[in-house]
Amino acid sequence: MKIDSNEMVQLTFAAELPQRVDLYVGIHKAMRALMADILVAVGKMDPADDSEVEWIGSRVLQFADFCTSHLEHENEFVHVALEARMPGSSARIAAEHVEHEQAIAALKAAVGKLQTSSGPEREHAALALYRQLALFIAHNFEHMQAEEIEHNQALWVHYTDEELLALHGRLVATIPPEETLFTMRWMVPAMTPAERLQVLQGMQAHAPAPAFAAVLDVVRPHLSSGEWAKLARGLELAPVPGLVQA
């Protein structure tokens, strides 16, 4: 592996910038956590177990659809915003999105081959899917890094935080409830306590109570007891349901 010294300088510079609204940090933490988890799941899958193959295959298909939706959100909102004030600034990443769409289709085809094969052929198909998925994830890790550095720098030059928050709000408003829950399941546990609290305080203040409760239900099983206690204190909730806080 080659370490690019220019990339390291960019990362250091970005870390020293004043805190700005970051459209990428939360969703990309979710994507990285999901990618790591699904790769491990495929890697340890038992090809001889039909039910496991079916389940893991369905997870990869769900992951593929989630990646497609993520690309569409970025294309329709973030890239449009970039092109509006800095023409050409999204061209390289947009071209990579086309490549990712092709790779996603190939992943789905690999799942189909896995689920319709048997015996030694399925063993080969399982390993092929694992390696294909690993490459897809590796490319996405580099891709997300470029977006977080290059696109954020462009957005911060040409947009105020208020404009970026409004853009984020318009994007989020287009996401259906089931996708929102899936996103929150992976995003919130992958966040720092401060990030986690900020996101959920916003939901607590503006989302309908049943929607907020549904998010807590999907997130809590994936937090440690200490993480949940910190979050509950920040949200002024009882750490244990039914417990009355003093």
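Values in this text are rule-based calculations from the coordinates and carry no lab data. This one's a predicted model, so the numbers in the text were calculated from it and none came from an experiment. Cβ placement follows ideal geometry from the backbone for every residue including glycine, while neighbour counts extend to all protein chains displayed.
Here are a few things to note about the model shown:
- R220 sits among other residues whose Cβ lies under 11 Å from its own Cβ, and their net charge, with Lys and Arg +1 and Asp and Glu -1, is -1.
- Loop sites in the stretch 21-82: trypsin sites (Lys or Arg not before Pro), DSSP, at most 10 other Cβ within 10 Å: K44
- Surrounding net charge for R233, when Lys and Arg each add one and Asp and Glu each subtract one, Cβ distance under 13 Å: 0
- Gyration tensor (alpha-carbon) shape descriptor, the chain, a/c threshold 1.5: oblate
- Residues whose placed amide H lies under 5 Å from that of A207, excluding near-sequence neighbours: none
- Options L197, H97, G234, ranked by Cα towards positive dipole end of the chain, top entry (Cβ charges): G234
- Relative exposure of S224, S69, judged by other C-beta atoms within 10 Å (fewest first): S224, S69
- Under 12 Å, Cβ to Cβ, from R59 - net charge with Lys/Arg +1 and Asp/Glu -1: -4
- Between R233, R85, R185, the residue with the greatest mean-square fluctuation in the GNM of the chain (Cα pairs under 10 Å linked by springs) is R233.
- Efficiency of FRET from Cβ geometry, S58 and Q201, R₀ 41 Å, rounded to 0.05: 0.75
- The count of lysine pairs in the chain that are at least 8 places apart or cross chains, and whose C-alpha atoms lie under 30 Å apart, stands at 7.
- Scanning the chain for long hydrophobic helices, with DSSP H runs required to stretch 30 angstrom or more by C-alpha along their axis and to average at least 0.0 on the Kyte-Doolittle scale, returns 91-116.
- Relative contact order (%) - the chain, alpha-carbon pairs under 8 angstrom, separation at least six: 26 percent
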